[in-house]
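The values are calculated or read from the model by the stated rules, or taken from the named source; none is laboratory data. The structure presented is a predicted model; accordingly, all values stated were derived computationally and were not measured. Note: ideal-geometry Cβ built from the backbone for every residue, glycine included; neighbour counts use all protein chains shown. For the accessible areas, the whole protein counts, side chains as well, though only heavy atoms, and no ligand, DNA or RNA atoms are used. Shrake-Rupley method; radii C 1.70, N 1.55, O 1.52, S 1.80 Å.
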Amino acid sequence: MEETLSLQDIAKILKKRLWLVIFFTFISIGISAGISFYALTPIYQAQTQILVNQNNSSESVYSWQTTETDLRLINTYNVIITSPVILTPVIEALNLNLTPAQLTQQISITNENDSKVVTINVENSNPSKAVEISNKVAEVFKEKIPQLMSVDNISILSVAKLNDNPSPVKPNKMLNITIAGIIGLMLGVGLAFLLELLDTSIKSEQDVEDYLGLPVIGIVDLIKEEKQNRFSFNPRKARRS
């Protein structure tokens, strides 16, 4: 026969082991806060936007077909930007102690749908270094792309700039702490129900009715030791008297 828990039973279990839920919640929050504030390295982001067009010198009018071709080539440009042919000159110009493969991991390329604007995102633990890399990648790409493809109409729309008080994009401390708090809360609640499930001891008359299915018609209360001494019979005292 399956047992079901009512809302009252659930509330009773949580109230009984509330300390366990609170303990796990605060422990998880404390660990997450310690890791987020002291263990994880802050990562800063810089962005540079460029506009890429085809070489349209042979066309008197910039046609709709040309625009479609440019949009289709955006993915190709994204691959070229993160290729060694672009990143190697960037590393040499900035004297970076990185390989092209390592630098690629810091760079992500994005562009809006149906847009020829390409955004170069660079993430680095040094905010000024992120700005330098982002701008240099755009400059090298503008210099190299005419040699690689028939593109000579490249414009840098916006350059990355270093703010006075840069804020890191990673880690998201409040998000980490919130997630850790939810996980700790769930662990505490789960453990509370698990301990209640494993606890089969009978502690009250209600447990007798629940486990045995029998009504309780009487209760024998515990007799304190003081009362036992008061009403106990001592044969030695009786003889002396």
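All other residues whose Cβ lies under 13 angstrom from that of Val85 are scored, Lys and Arg at +1 and Asp and Glu at -1, for a net of -1.
For Val122, what is the net charge nearby, where nearby means another residue's Cβ is under 12 Å from its Cβ and Lys, Arg count +1, Asp, Glu -1? Combined, the nearby Lys, Arg, Asp and Glu give 0.
With all protein chains kept in place, the per residue accessible area of the stretch 97-204 amounts to 60 square angstrom at a probe of 1.4 angstrom. Near Leu96, once Lys and Arg are set to +1 and Asp and Glu to -1 for all other residues with Cβ below 11 Å from its Cβ, the sum equals 0. Heavy-atom surface analysis with a 1.4 Å probe gives the stretch 72-112 a carbon and sulfur content of 51 percent of its accessible area.
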